[in-house]
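The values are calculated or read from the model by the stated rules, or taken from the named source; none is laboratory data. Everything numeric in this text was worked out from a predicted model, so none of it was measured. Neighbour counts are summed over all protein chains in view; Cβ atoms, including those assigned to glycine, are modelled from backbone coordinates with ideal geometry. Surface accessibility is based on the protein's heavy atoms, side chains included, excluding ligands, DNA and RNA. Shrake-Rupley method; radii C 1.70, N 1.55, O 1.52, S 1.80 Å.
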Amino acid sequence: MTNHQLPMTNMKRIVVFTGAGVSAESGLGTFRDSDGLWEHYRIEDVCTHEAWLRNPQLCVEFYNARRKDTLAAQPNAAHVAIAKLQHAIPGTRVITQNIDDLHERAGATEVVHLHGEITKLRSENNETATVPLNGWEQHYGDRHPDGSLLRPYIVFFGEGVPYFDEACRIASQADIMVVVGTSLNVYPAASLIHYAPANCPIYFVDPGQPEFGMWADRITHIRKKATEGVPELVEKLIKENS
Ligand code: APR
């Protein structure tokens with residue numbers, strides 16, 4: 001059997017896990033860096049179920065603004081490189097904490113969004129009953145086909161993460177994990193790296209100093225911005241694994 005006939009099972013399974021840092025250079029602010037979104041808004045006012053019940057109009061306005069920003073943003077070199085990796089090494093999966101659609105617009109497919117998607121709305125009664133929204137503006141009061149009120153398709157703090165089990169399953173099958181631009185502050189998403197098999201190398205592209213804790217020994221920290229570090233890493237991975 002020649003090399004190019006190797007069965008798919010011999011190909012490395014690469015899992016890319018991203019946070020707000022991957023979209024920072026597209027102009028979408030992160031949450032916890034200085035001047036981040038949570039310095040300007042209180043989570044309790046816009047991103048909890050209680051906030052939604054207390055002042056849904058404010059939540060709608062907050063996410064309308066996020067949607068407007070997202071639609072105006074363009075994928076950057078890191079999103080493009082991740083999509084290239086997915087096409088070069090079939091089976092590569094992308095899991096993101098981000099609500100933007102920049103991975104998809106760069107050409108990535110089957111992206112698992114742990115915290116929802118800004119381009120969609122969901123039924124108030126069913127966390128996975130989503131509908132697409134054209135444009136940036138949700139009008140408060142519109143209803144889902146199931147009759148319930150539509151709310152932004154965002155996983156609020158304190159709510160369950162509907163696709164976390166699927167993400168864990170994907171992470172547990174990784175041969176290589178690439179993590180980009182996350183402070184690892186928000187659980188359960190941050191625990192995804194715990195699901196990578198023991199012998200799975202973990203590359204972490206982030207110019208900051210996320211708290212790796214007991215995982216520090218297993219992590220290769222590439223202290224670069226996503227648009228620089230990710231394309232370099234992707235070239236290396238493609239060279240070594242395809
Ligand atoms: N390239 C790569 N990483 C970057 C860049 C960049 N250009 N700029 C900043 N970062 C890094 C920061 O160093 C930090 O580690 O991105 C990370 C951003 O961290 P957070 O703002 O905490 O974002 P994230 O980890 O994605 O937040 C998780 O919190 O409020 C929520 O639901 C929201 O999904 C989000 C979750």
Practice prompt. Leaving ligands, DNA and RNA out of it, work out the accessible area of residue 34 with a 1.4 Å probe and give it in Å² to the nearest 10.
Written response: 100 Å²
Practice prompt. Any chance you could list P(r) for segment 99-152, counting all Cα-Cα pairs in 10 angstrom bins from zero, rounded to whole %?
Written response: 24, 50, 23, 3
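Tell me what the chain gives for mean residue ellipticity at 222 nm when only DSSP H runs of n ≥ 4 count, each as -39,500 (n - 2.57), the sum divided by the residue total, rounded to 500 deg cm²/dmol. Present the calculation step by step, with values, prior to reporting the outcome.
Values: 9 runs with 76 residues, N = 242.
Per the formula, -8500 deg cm²/dmol.
Compute the signed sum of charges (Lys and Arg +1, Asp and Glu -1) over the other residues within less than 13 Å, Cβ to Cβ, of residue 207.
On the way: positive: 223, 224, 225; negative: 25, 33, 206, 228.
So the surrounding residues net to -1.
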Worksheet entry | Alpha-carbon Rg/Rh ratio, for segment 153-241, with Rh computed the Kirkwood way | 0.98
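How big is the Rg/Rh ratio for the chain, C-alpha atoms only, Rh by Kirkwood, two decimals? Before the final figure, lay out each step's value.
On the way: Rg = 18.4 Å, Rh = 18.7 Å.
My calculation of the ratio gives 0.98.
If Rh is defined by the Kirkwood formula over all Cα pairs and Rg also comes from Cα, what ratio Rg/Rh do you get for segment 40-176?
On the way: Rg = 15.9 Å, Rh = 16.0 Å.
That ratio is 0.99, to two decimals.
Would you work out if segment 102-227 is rounded, prolate or oblate? Take a ≥ b ≥ c from the square roots of the eigenvalues of the alpha-carbon gyration tensor; rounded if a/c is under 1.5, else prolate when a/b is larger than b/c, oblate otherwise.
On the way: a/c = 2.43, a/b = 2.05, b/c = 1.19.
Since a/c reaches 1.5 and a/b is larger than b/c, the shape of segment 102-227 is classed as prolate.
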Worksheet item: What lysines sit close enough to residue 236 to cross-link, taking a C-alpha to C-alpha distance under 26 Å and skipping anything fewer than 8 places away on the same chain?
Response: 12, 84, 224, 225
